[in-house]
1. What are the residues in region 212-227 that are aliphatic (A, V, I, L, M), in a helix (DSSP H, G or I) and closer than 20 Å to Glu165 by Cα, if any?
2. Could you list, in sequence order, all residues of region 109-125 that are open to solvent by 60 Å² or more (accessible area, probe 1.4 Å) and within 15 Å of Leu56 (Cα to Cα)?
3. Any idea which residue in region 148-165 is farthest from Ala195 (Cα to Cα), counting only those that are in contact with a Leu (Cβ under 9 Å, 6 or more places away or on another chain) and of a type outside the set (Ser, Thr, Tyr)?
4. Exactly one condition in (1) polar (S, T, N, Q); (2) surrounded by fewer than 19 Cβ atoms within 10 Å (Cβ to Cβ); (3) not in a loop (DSSP other than H, G, I, E, B) is not met by Gln128; state its number.
5. Could you say whether any residue in region 3-16 is among the acidic types (Asp, Glu), farther than 30 Å from Asn204 by Cα and either open to solvent by 70 Å² or more (accessible area, probe 1.4 Å) or not in a loop (DSSP other than H, G, I, E, B) (or both)?
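The values are calculated or read from the model by the stated rules, or taken from the named source; none is laboratory data. Since the structure is predicted, the reported quantities are computational estimates derived from the model, not experimental observations. Don't worry about glycine lacking a Cβ; one is built from the backbone with ideal geometry, like all the others, and counts go over all protein chains shown. To get the accessible areas, we keep the full protein, side chains included, count just its heavy atoms, and leave off ligands, DNA and RNA. Shrake-Rupley method; radii C 1.70, N 1.55, O 1.52, S 1.80 Å.
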Amino acid sequence: LDELIYGIRHRKGFMVLVGEVGVGKTSLLYQLLAMLEEDNLSTAWLFNTMLDRKDLLMAIARDFGLDPANNINLAELLDMLHHFFLEQYSKNYNCAIIIDEAHNLEPSTLEAMRMLSNLETEGQKLVQILLVGQPELQEKLDQPNLRQLRSRINIYLELTPLQKEEITRYVNFKLASAGGEISVSKAAFSLLWDAAHGNMRMVNLVMERALYAMLALGQDKLSGKIMNAAVKEIASYQGNVAQNLKQKRNKIKRVESIFFIIFFSSFVFLEKIRL
């Protein structure tokens, strides 16, 4: 969050934020805009990226409050945006374009973003562009035909899932913020980690089901038994949770097999010594 704020305030131009589905990218963007609310900043935030380059630039212009004609060509559209950015700069305003789900953008559309990033005056970038997407975005940016765009990326960030100890702090913070006095057992936290692996969307989903179950049973503590029931329910329709649990079971089986081999080998060795 601090790096993104720095990048926008100091007009660093192109920035990229990648992260898996459900790790909190969009939540981070809401925090970003809230932190920049007092700044002189004009923003365009796009969610629909299934557009060609002209339609995307049209959507950006309209989100900035401009009204381009439907028959405007690409050169005229770029010129309109350039004049808008210069006008904002003259008023001591900064401009930022945030494109969510940017991994869906076609290379030609990404190239249009590069053209926008070229706009500057007095050595200052007129518009700051933040591309936000899943890890496939990095794969797309690594294509040889996008090397010019890639060279303009000044800040590259990856939002990773929460660590095991962070899940405990996150859940306790959420519960405290809601004014609750609910305690969560260590067994429940361990099951939550096994199911979600730090993915905030899955953490929230499992916790919601667990709290419903706790309420239905009239309990005031979230036990391992209640969490286990919630995890099983979520795993029945969330494939990634089911996969996480499967990996956990396979790991336990591997450990059990290793212990069995060690025990059996020791037994055979002791028998040979005895004989």
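1. If the condition is that a residue be aliphatic (A, V, I, L, M), in a helix (DSSP H, G or I) and closer than 20 Å to Glu165 by Cα, then Met227 is the only one that fits.
2. Met115 - this is the single residue of region 109-125 that is open to solvent by 60 Å² or more (accessible area, probe 1.4 Å) and within 15 Å of Leu56 (Cα to Cα).
3. Pass one, region 148-165, residues in contact with a Leu (Cβ under 9 Å, 6 or more places away or on another chain): 149-150, 153, 155-159.
Cutting the leftovers down to of a type outside the set (Ser, Thr, Tyr) gives us 149-150, 153, 155, 157-159.
Values: Leu149: 38, Arg150: 36, Ile153: 35, Ile155: 32, Leu157: 26, Glu158: 22, Leu159: 19 Å.
Ranking the candidates gives Leu149 first.
4. Result: Gln128 fails condition (2) only.
5. No; the residues of region 3-16 include none that is among the acidic types (Asp, Glu), farther than 30 Å from Asn204 by Cα and either open to solvent by 70 Å² or more (accessible area, probe 1.4 Å) or not in a loop (DSSP other than H, G, I, E, B) (or both).
Yes/no per residue for (1) more than 17 Å from the chain's Cα centre (by Cα); (2) in a helix (DSSP H, G or I); (3) under 25 Å from Leu28 (Cβ atoms):
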site: Cys95; (1), (2), (3): yes, no, yes
site: Met115; (1), (2), (3): yes, yes, no
site: Val132; (1), (2), (3): no, no, yes
site: Arg147; (1), (2), (3): yes, yes, no
site: Asn154; (1), (2), (3): yes, no, yes
site: Thr168; (1), (2), (3): yes, yes, yes
site: Leu175; (1), (2), (3): yes, yes, yes
site: Trp193; (1), (2), (3): yes, yes, yes
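Conditions (1) open to solvent by less than 50 Å² (accessible area, probe 1.4 Å); (2) charged (D, E, K, R); (3) touching a Pro at 6+ places or on another chain (Cβ under 6 Å); (4) at pLDDT 75 or above, marked per residue:
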| residue | (1), (2), (3), (4) |
| --- | --- |
| Glu233 | no, yes, no, yes |
| Tyr237 | no, no, no, yes |
| Gln247 | no, no, no, no |
| Lys253 | no, yes, no, no |
| Ser257 | no, no, no, no |
| Ile262 | no, no, no, no |
| Ser265 | no, no, no, no |
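Yes/no per residue for (1) at pLDDT 95 or above; (2) open to solvent by 10 Å² or more (accessible area, probe 1.4 Å); (3) of a type outside the set (Lys, Arg); (4) out of contact with any Cys (no Cβ under 9 Å at 6 or more places or on another chain):
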residue: Gly19; (1), (2), (3), (4): yes, no, yes, yes
residue: Leu36; (1), (2), (3), (4): yes, no, yes, yes
residue: Leu41; (1), (2), (3), (4): yes, yes, yes, no
residue: Thr49; (1), (2), (3), (4): no, no, yes, yes
